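Student: Here it is, the structure in full.
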Amino acid sequence: MKKSYGIEVDCANCASKMEEAAKKTAGVKDCSVNFMALKMSVEFEDGADEKAVMKEVLKNCKKVEDDCEIFL
């Protein structure tokens with residue numbers, strides 16, 4: 001399953017850090033961040049609980065860029 005989320009981030013480099021952090025999160029098959037559109041597309045692994053995974057994605061993104069936001 002693939003879903004898109006609105007994000008808030010200050011620069012393209014920060015968006016890249018968010019993308020890498022999201023890709024390393026358990027339950028995420030793939031992720032891409034579009035800085036210009038302020039969107040994050042996440043493809044979940046089969047059987048993953050998307051809400052629980054996205055909470056972890058947000059937590060991991062906050063570790064690399066503490067003032068970012070993902071609108072869940």
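Coordinate-derived values only; no laboratory data. Computed from a predicted model, the values in this text were never measured in an experiment. Cβ: placed from backbone, ideal geometry, glycine included. Neighbour counts: every protein chain shown.
Student: From the set of residues in the stretch 40-55 that are charged (D, E, K, R) and surrounded by fewer than 15 Cβ atoms within 10 Å (Cβ to Cβ), which is farthest from the chain's Cα centre (by Cα)?
Tutor: Across the stretch 40-55, the extreme among qualifying residues is 46.
Student: Can you list residue pairs whose Cβ atoms sit under 6 Å apart, with the first residue in the stretch 44-72 being free of Cβ contacts under 8 Å to residues at least 40 places away in the same chain and the second being assigned to a helix (DSSP H, G or I)? Count only pairs 6 or more apart in sequence or on different chains.
Tutor: 57/22; 60/21
Student: Can you name the residue in the stretch 54-72 that is assigned to a loop (DSSP other than H, G, I, E, B) and among the hydrophobic types (A, V, I, L, M, F, W, C) and, of all such residues, is nearest to residue 8 (Cα to Cα)?
Tutor: It comes out as 68.
Student: Do we have residue 21 as without any contact (Cβ under 8 Å) to a residue 12 or more places away in the chain and not basic (Lys, Arg) here?
Tutor: no
Student: Being in contact with a Gly (Cβ under 8 Å, 6 or more places away or on another chain) and crowded, with 19+ Cβ neighbours inside 10 Å, is that true of even one residue in the stretch 2-10?
Tutor: So far as the stretch 2-10 goes, no, none of its residues is in contact with a Gly (Cβ under 8 Å, 6 or more places away or on another chain) and crowded, with 19+ Cβ neighbours inside 10 Å.
Student: Name the residues in the stretch 27-43 that are closer than 20 Å to residue 66 by Cα, touching a residue at least 12 places away in the same chain (Cβ under 8 Å) and not in a strand (DSSP E or B), would you?
Tutor: Selection gives 35, 38.
Student: Name the residue, out of 51, 3, 17, that is of a type in the set (D, E, K, R) and assigned to a strand (DSSP E or B).
Tutor: 3
Student: Right, another one. I'm trying to understand the selection: among the residues of the stretch 57-68, which are under 9 Å from the mean Cα position of the chain (by Cα) and either under 14 Å from residue 4 (Cα atoms) or acidic (Asp, Glu) (or both)?
Tutor: Residues satisfying the conditions are 57, 58.
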